[in-house]
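Read the structure below first, then the notes.
The values are calculated or read from the model by the stated rules, or taken from the named source; none is laboratory data. Predicted model only: the values in this text are computed from it and were never measured. Note that we place each Cβ from the backbone using ideal geometry, even for glycine, and neighbour counts take in every protein chain shown.
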């Protein structure tokens, strides 16, 4: 990450974190809306294939909804972590520290 981006996060940590939090909440609202639509689509498909049973409906609702929210929510958390500045303090583990200069 470039030095200017790190400095930008350090100068305005509250504003950057607030914006990232608002964007994360907006993304989660859309994810939940899409998950509900996917549940409705899955139930519609199952209804077209035959009769619906209570256990099948409950399993479909829980499985589809939580799979969508978990999968998309983890991606949203990755974006939130980057945009809020939490990733700025992480160092590359493969980076070797510079050797101190030898005394002359």
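Within region 47-56, identify whether any single residue is surrounded by 10 or more Cβ atoms within 10 Å (Cβ to Cβ), assigned to a loop (DSSP other than H, G, I, E, B), touching a helix residue (DSSP H, G or I) at 6+ places or on another chain (Cβ under 7 Å) and at pLDDT 85 or above, and answer yes or no.
Yes: one or more hits.
Among the residues of region 57-104 satisfying the criterion of being part of a loop (DSSP other than H, G, I, E, B) and surrounded by 10 or more Cβ atoms within 10 Å (Cβ to Cβ), which is modelled with the highest pLDDT?
Across region 57-104, the extreme among qualifying residues is 84.
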